[in-house]
Amino acid sequence: MIKLLPTASSLKECNMELKVIKNEEQYQNYLNWVDELFNKQVGSDTKEGEILQVALLLIKQYEDVNYPVPMPNPIEAIKSKMKDAGLRNKDLVGKVGSKGYISSILSGKKPLTLELAKLFHRELNIPAEVLLS
């Protein structure tokens, strides 16, 4: 049976089984243990490193369930990507419509249609699930 060491003293002194994290106390114990192993710079090809990788998967699963990251607002995502790419409203005129229409979309006065979502997905590499949320 694989054990997880909450204090990271050594794997031989483990007193906690490596299993699905079910509460905040277990989660904090795993985080502390992982921090200690990171500080020790445990190699991924060692026994401790392999157990660490499994613990990280368990931590991620717990966080996905208990600390979900909300989807960004589609319009804010478009604005952010445009800013990152150095694009202005007028740069999209030929692809979306008039400058006024683009402004209306980005201000929320006009809806983001499926066709526009496809365009922004293709042109700005915004994930479809963000645009359709």
Classified through the alpha carbon gyration tensor (a ≥ b ≥ c as square roots of its eigenvalues; rounded if a/c is under 1.5, else prolate when a/b is larger than b/c, else oblate), segment 74-131 comes out rounded
Mean Cβ-within-10 Å packing, highest first, puts peptides 104-117, 59-72 in the order 104-117, 59-72
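Based only on the alpha carbon positions, what is the Kirkwood hydrodynamic radius of the chain, in angstrom?
Values: mean 1/r = 0.0546 Å⁻¹.
Every distinct Cα pair counted, the radius reaches 18.3 Å.
FYI, it's all coordinate maths here, none of it is from the lab. It should be emphasised that the depicted structure is a prediction, and the values quoted were computed from it without experimental measurement. Counting neighbours? That spans all protein chains shown, and the Cβs are built from the backbone with ideal geometry, glycine included.
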